[in-house]
Amino acid sequence: MDEASFEDLKTRLWAFMEKEIYPNEMTFVKQSREIGESGNEWTHAPILVELKRKAKAAKLWNMFLPVDSAAAAGEFGKLGGGLTNRQYGEICEILGTSVPMEFASQACNCASPDTGNMEVLARYGTPEQRKKWLVPLLEGTIRSAYAMTEPGVASSDATNISIRIDRDEEKGEYVINGRKWYITGAGSLHCKIMILMGKTNNDPNCPVHKTTSQILVPMDTPGITLLRPMHAFGDDDAPKGHMDMLFEDVRVPFENVLLGDGRGFEISQGRLGPGRIHHCMRAIGQAERSLSLMCNRVQERTAFGKKLSEFDTILQDIAHS
């Protein structure tokens, strides 16, 4: 996107944040908590549904899909925002000033794990896979999950991934058995597809980075059980959720593999490169929001006859922040 258009986009996004996002943060938190406490039928908070509609109408939608991934997606790439990864990094910084951090990102269809999954489909999916899953994700009619982390191994080292993906040559199907946990987004009823990373080659002589594959697994496939929502600092993050999942003889056709057998690590590197930038920039936006609130507060509060901002120790603490 040319710089003049990009500056206009940022101006319109800041206006959207001020008018629609910041005033509705507590409403979103309240509605999300009520949905989580009401049972396990987790759906979007009503305020999020409303803001998604407004963001789409304001053309603040799918800003994440970079021009290179959009080009790889062919005809489906026209639904992207036309930004470079550098430009989208600045957008993430603005989106990240919302509380919770991904509230604004969800409203603009720029939230994980959908963004990474859409880039995977754009870059590595077949035309049929893109039509079936990428288009509804870009349109915001469904959500997705990415299933990699496992409870029995240190999944930060992905060579430890152990969930089995066996081939049933007679039926032309993969058979998945094992367990995944902290699978973000899987708790939502809007989640219709997951990308699962698992071991398709158990030959000890096979190079370790060619032993895993990534496969599209629809959430309604028989044999998938959501065991429980995982908690972080006591929060289940409903209605998005991070789920503990069991896979028992889960069958999907061979054509659901992405890029080909044994190419899971190749896909991961393509997915994680821009993803790291996006998360970091949102975190910077969150830090900037916190610092801004701190600065505002010390100018509003008075103690011992003067503003907190007039105390050297307070200024020093803010500077250290």
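The values are calculated or read from the model by the stated rules, or taken from the named source; none is laboratory data. Small disclaimer: the values here were computed from a predicted structure and weren't measured. When we count neighbours, we look across all protein chains shown, and the Cβ atoms used for this are built from the backbone with ideal geometry, even at glycine. In case anyone asks, the SASA skips ligands and DNA or RNA and just uses the protein heavy atoms, side chains included. Shrake-Rupley method; radii C 1.70, N 1.55, O 1.52, S 1.80 Å.
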> Got a sec to turn the phi values of the range 55-68 into Karplus ³J(HN,Hα) couplings, 6.51 cos²θ - 1.76 cosθ + 1.60 with θ = phi - 60°, whole Hz, x for Gly and Pro?
Replying inline: 5, 5, 5, 7, 6, 10, 9, 6, 5, 6, 5, x, 4, 5
> Toward the positive end of the charge dipole of the range 44-145, about the Cα centre and with charges on Cβ (Lys, Arg +1; Asp, Glu -1), which of L134, Y88, L121 goes farthest?
Replying inline: L134
> Which of the peptides 288-300, 267-279 is most tightly packed, and how do the rest follow, judged by the mean count of other Cβ atoms within 10 Å per residue?
Replying inline: 267-279, 288-300
> If you place +1 on the Cβ of every Lys and Arg, -1 on the Cβ of every Asp and Glu, and leave all else neutral, what size is the dipole of the chain about its Cα centre, to the nearest 20 Debye?
Replying inline: 460 debye
> In whole Hz, what ³J(HN,Hα) sequence does the range 174-180 give by Karplus (6.51, -1.76, 1.60; θ = phi - 60°), x for Gly and Pro?
Replying inline: 7, 10, 9, 9, x, 9, 10
> Whose amide H sits under 5 Å from the amide H of L65, counting only residues 5 or more places off or on another chain, with H placed in the peptide plane?
Replying inline: G81
> Quick one: with all protein chains in place, what share of the accessible area of the chain is carbon or sulfur, to the nearest percent (1.4 Å probe)?
Replying inline: 55 percent
>> So I have (1) 34, 58, 8, 0; (2) 25, 41, 23, 9, 3; (3) 30, 54, 15, 2, 0, and one of them is P(r) over Cα pairs in 20 Å bins from 0, in percent calculated from this model. Which one is it?
In response: (3)
>> Could you report the range 32-101's accessible area per residue, 1.4 Å probe, as an integer in Å²?
In response: 44 Å²
>> Which log10 I(q)/I(0) values does the range 166-214 give at q = 0.16, 0.26, 0.28 Å⁻¹ under the Debye formula, counting every alpha carbon as one identical point scatterer?
In response: -0.63, -1.08, -1.12
> Of K10/K54; K10/K78; K52/K180; K78/K210, which pairs sit farther than 23 Å apart, going by alpha carbon to alpha carbon?
Replying inline: K52/K180; K78/K210
>> When only alpha-carbon atoms are used, what values of Rg and Dmax, in angstrom, describe the range 62-137?
In response: 12.2, 37
>> If packing is taken as the average count of other Cβ atoms within 10 Å, what order do 33-39, 73-79, 189-195 fall into, highest mean first?
In response: 189-195, 73-79, 33-39
> With the other protein chains left in place, how much accessible area per residue, in square angstrom, belongs to the range 207-250 at a 1.4 angstrom probe?
Replying inline: 48 Å²
> ³J(HN,Hα) across the range 307-314 via Karplus (A = 6.51, B = -1.76, C = 1.60, θ = phi - 60°), whole Hz, x for Gly/Pro?
Replying inline: 5, 4, 5, 8, 8, 4, 5, 5
> Just the Cα atoms of the range 134-177: what Rg and Dmax do they give in Å?
Replying inline: 15.0, 37
> Using the per-residue mean of other Cβ atoms lying within 10 Å as a proxy for protection, in what order, highest first, do the peptides 13-23, 228-238 fall?
Replying inline: 13-23, 228-238
>> Tell me the mean residue ellipticity at 222 nm calculated for the chain from its helices only (DSSP H runs of n ≥ 4, each -39500 (n - 2.57), averaged over every residue, nearest 500).
In response: -12000 deg cm²/dmol
>> Sequence gap at least 6, Cα distance under 8 Å: using those rules, report the relative contact order of the chain to the nearest whole percent.
In response: 18 percent
>> As an exercise, find the ratio Rg/Rh for the range 1-118 from alpha-carbon atoms, using the Kirkwood inverse-distance average for Rh.
In response: 1.00
